[in-house]
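J.: One structure, pasted below without further comment.
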Amino acid sequence: MLTPRSLRLKAAFLAVLFVAALAVPAVAQDAPQPPLAEKIRKELAIHGQTRLDEYYWLNERTNPKVVEYLKAENAYADAMMKSSEPLQEKLYNEMIGRIKQVDMSVPYFENGYWYYNRFEAGKDYAVYCRKAKTLKAKEEVLLDGNKMAAGHSYFSIGGFAVSPDNAVLAYGVDTVSRRQYKLYFKNLKTGKIYPEEITMTAGFAVWANDNKTVFYPVIDDSLRLYKIFRHVLGTPAKSDVEIFHEKDATFELSLDQSRPKKYIFIISGSTLTTEYRYLDASQPLAEFVVFQPRTRGLEYSVDHLGDKFYVLTNDQARNFRLMEAAPGRTALADWREIIPHRAEVYLQGFNLFKDFLVLSERKGGLSQIRVIPWGEKDGYYLEFPDKAYVAYATPTPEPATDLLRYGYNSLTTPATVYEFNMKTRQQTVLKQQEVLGGYKAENYATERLSAPGYDGTLVPISLVYRKGVRDKGPVPILLYGYGSYGASTDPGFNIMRISLMDRGFVIALAHIRGGSEMGRYWYEDGKLFKKMNTFTDFISCGEYLVRHGYTTPARLFAQGGSAGGLLMGAVVNLRPDLFKGVIAAVPFVDVITTMLDPSIPLTTSEYDEWGNPNDPAAYEYMMNYSPYDNVRPKAYPALLVTTGLHDSQVQYWEPAKWVARLRVTKTDRNPLILKTNLEAGHGGASGRFRRLRETAFQYAFILDLAGIKD
């Protein structure tokens, strides 16, 4: 009889080793052959079933044979894409040519300083700067990412927090691309780095008001943020005090501060449940107080202004409502409603100002910004020029202002930052992304379609393309999707896609269930035991585009990454005949193995997203769509699969195993390419230019399949 412990994947595996060559049909007679993969037969007994995992050995990250195998796959990928190298170079140069190389962010004012970052010509990383009181003052360089990145194949700066007296900067650095940040402190008066170096952190810290105490989260071996520590500047890290330990493995921790930085928050969160603790920032040695004890299914977020806490919650509100509470009386029973629940409007966030409340809402699949003067009931909505767009309020550190900053872009409008006067309702463009190379928005067209899903639900599709393209009959289409975690695929601007549109491609965004485009229910109808809706919605979008003459299966391509890579894997198992080619980036394709292994990052915190396969019902449902477990002997479309050796979110072995199994199982002669970045993780190469090489590689793959060589 199986015990609960024996149901865990690693403990339940029995190993039998054998080696077999891959019998893969060549794409052409003179085409290079893919590398051979060892097979290790792993047997898992769970819920009375035996499941085989013949490529389990690929999870041995430090095994030289694994690295050799990935390098061999890279060599094969390069050989397969050899003829497209001139196109890749052309695409890369096009993309660089559209980017303004000397650039600067819009400065924001906080605590006496203007902060901004800027880029220098030919440089990959940002330079972080500030100026005292006025933008005409002398520039002070806080961090130069280009100098700091020297000698590292990967580089990323994490959190960025300045002490209340403006004298010390706390920041994180990751040089491995596994979200294992080291925390450093820099004296901004002398430029010296403090001797303490704190490892295995999430890369950010929150300052107390004494200018010497910080709180920071640390990660465990699975990269879960599980403890909060208190550090005193200038003392050894080994003497730091543990403040809180989140022992429930389905929860992760975070830290935040209230709007005027009066309170510090410790946030314990899982997919369905939230719990806040708060501390007066002027009393760093005091105890954190629970705001509202965790109750399964109760989600809430907290901010503070004046003498009140403000709480966004799903309590009796599927699409969330806004409440207020007084310090010392923060339990659910003491919350008072100020913005009620609305079935047709999803309340996603709020920003507090001295005289105004700003709400971030979503209605009819589009984002909205609502401004309500305190004391009024309804307020007003900002108006936007495009039929489909993205709009979002940006955090303003100083609450005593009438000026709201918000970001805006659409499928044809580059990213724009506005400053809006909430009293006069006048607005100013502070900056619009400059697209070099002669881009003109009026040369492109957009459409908004609705595809009926398999259950009759209408699924929105956003299209963008160069005008005149559709006059020539069915056209090549790249259909993009994600559909997980409630993350919406908004109709926003993407400077890189111009290279595809100018070559005759239509870009289509599938707003499938699993995101939150149409409200909270849209997310809930695409997770757990309704996850199949995500995949069938995407297929429905593709079928709609074919049925209505936009394209044909021979000209339809698909793309998705991470959980969107899971989407790609499921879709090619369900409807491989619908697509000519598919790009699956860092794809989460080995669902069962990963979700049975609590040592893998993100596993335990995502049981409420995918299900826990230790539950027989969840196991059966997940087995129905897990891409790796549903590879069958049939023809698949051309596939480009990417991953990163140091990926902390989707381990590299998932796509590697998936490709290995596809090679020996599929019956077609279409290209199957695995490309591994051996120096990076989930986000690919670091730096604003280096990552364009990866994009050019991907675009060349689908352009070549579409017969476009230049």
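The values are calculated or read from the model by the stated rules, or taken from the named source; none is laboratory data. This is a predicted model, so every value here is computed, not measured. Cβ: placed from backbone, ideal geometry, glycine included. Neighbour counts: every protein chain shown.
J.: Could you check, for region 616-630, whether at least one of its residues is closer than 23 Å to ALA487 by Cβ, among the polar types (S, T, N, Q) and either surrounded by 19 or more Cβ atoms within 10 Å (Cβ to Cβ) or modelled with pLDDT under 95 (or both)?
T.: yes
J.: Can you tell me which residues in region 50-63 are surrounded by fewer than 15 Cβ atoms within 10 Å (Cβ to Cβ) and not in a loop (DSSP other than H, G, I, E, B)?
T.: THR50, LEU52
J.: For region 522-632, which fully contained helices (runs of 4 or more DSSP H) count at least 1 residues that are under 22 Å from LEU674 (Cα atoms)?
T.: Fully inside region 522-632 and qualifying: 563-574, 591-595.
J.: Also: What tally of residues in region 189-213 results from selecting those that are over 19 Å from PHE265 (Cα atoms) and surrounded by 17 or more Cβ atoms within 10 Å (Cβ to Cβ)?
T.: Counting residues in region 189-213 that are over 19 Å from PHE265 (Cα atoms) and surrounded by 17 or more Cβ atoms within 10 Å (Cβ to Cβ) gives 2.
J.: On the basis of being at pLDDT below 95, of a type in the set (S, T, N, Q) and under 30 Å from GLU419 (Cβ atoms), does GLN101 make the cut?
T.: yes
J.: Just checking, how many residues over region 512-568 are in contact with a Lys or Arg (Cβ under 8 Å, 6 or more places away or on another chain) and either among the aromatic types (Phe, Trp, Tyr) or within 25 Å of THR603 (Cβ to Cβ) (or both)?
T.: 15
J.: Of the conditions (1) surrounded by fewer than 23 Cβ atoms within 10 Å (Cβ to Cβ); (2) more than 22 Å from the chain's Cα centre (by Cα); (3) within 21 Å of TYR485 (Cβ to Cβ), SER605 fails just one. Which one is it?
T.: Looking at each condition in turn, SER605 falls short on (2).
J.: Criterion first (closer than 30 Å to ASP240 by Cβ and of a type in the set (D, E, K, R)) does ARG294 satisfy it?
T.: Judged against the criteria, ARG294 is a match.
J.: Related question: Just to confirm my filter: which strands (runs of 3 or more DSSP E) fall fully inside region 64-150 and include at least 1 residues that are touching a residue at least 40 places away in the same chain (Cβ under 8 Å), among the hydrophobic types (A, V, I, L, M, F, W, C) and more than 30 Å from ASP502 (Cβ to Cβ)?
T.: Working: elements: 108-110, 113-119, 127-132, 140-144.
Answer list for region 64-150: 108-110, 140-144.
J.: Still on this structure: Tally time: how many residues in region 451-484 are at pLDDT below 95 and under 18 Å from the mean Cα position of the chain (by Cα)?
T.: Matching residues across region 451-484 total 0.
J.: Given the condition more than 14 Å from TYR263 (Cβ to Cβ), touching a strand residue (DSSP E or B) at 6+ places or on another chain (Cβ under 9 Å) and in contact (Cβ under 8 Å) with a residue 40 or more places away in the chain, answer yes or no: does some residue in region 320-329 qualify? Break it down into steps so the answer makes sense when it comes.
T.: So in region 320-329, the residues more than 14 Å from TYR263 (Cβ to Cβ) come out as 320-324, 329.
Narrowing the set further to residues that are touching a strand residue (DSSP E or B) at 6+ places or on another chain (Cβ under 9 Å) leaves 320-324.
Cutting the leftovers down to in contact (Cβ under 8 Å) with a residue 40 or more places away in the chain gives us 320.
Yes: one or more hits.
J.: Which is touching a residue at least 12 places away in the same chain (Cβ under 8 Å), under 26 Å from ASP502 (Cα atoms), basic (Lys, Arg) and surrounded by fewer than 13 Cβ atoms within 10 Å (Cβ to Cβ), of LYS423, LYS467?
T.: LYS467
J.: So is VAL589 within 28 Å of GLY269 (Cβ to Cβ), among the hydrophobic types (A, V, I, L, M, F, W, C) and touching a residue at least 40 places away in the same chain (Cβ under 8 Å) or not?
T.: yes
J.: Next up: Checking ALA700 against (1) over 30 Å from LEU272 (Cα atoms); (2) under 21 Å from the mean Cα position of the chain (by Cα); (3) at pLDDT 95 or above: exactly one of these is not met. Which one?
T.: All conditions are met except number (2).
J.: Still on this model: Which condition does ALA77 not pass, out of (1) under 21 Å from ARG691 (Cβ atoms); (2) exposed (fewer than 15 other Cβ atoms within 10 Å of the Cβ); (3) at pLDDT 95 or above, if it passes all the others?
T.: Here ALA77 clears every test but (2).
J.: May I pose another question? Could you tell me whether any residue of region 511-528 is closer than 22 Å to TYR550 by Cα, touching a strand residue (DSSP E or B) at 6+ places or on another chain (Cβ under 7 Å), acidic (Asp, Glu) and buried (at least 19 other Cβ atoms within 10 Å of the Cβ)?
T.: Looking through region 511-528, none of the residues is closer than 22 Å to TYR550 by Cα, touching a strand residue (DSSP E or B) at 6+ places or on another chain (Cβ under 7 Å), acidic (Asp, Glu) and buried (at least 19 other Cβ atoms within 10 Å of the Cβ).
J.: Now, a different point. Can you tell me how many residues within region 35-49 are part of a loop (DSSP other than H, G, I, E, B) and acidic (Asp, Glu)?
T.: Qualifying residue count, region 35-49: 1.
J.: Would you check which residues across region 617-644 are among the hydroxyl-bearing types (Ser, Thr, Tyr) and touching a strand residue (DSSP E or B) at 6+ places or on another chain (Cβ under 8 Å) and list them? Spell out how you get there, then give the answer.
T.: To start, the set of residues in region 617-644 that are among the hydroxyl-bearing types (Ser, Thr, Tyr) comprises 619, 621, 625-626, 628, 636, 642-643.
Passing the criteria: TYR619, TYR636, THR642, THR643.
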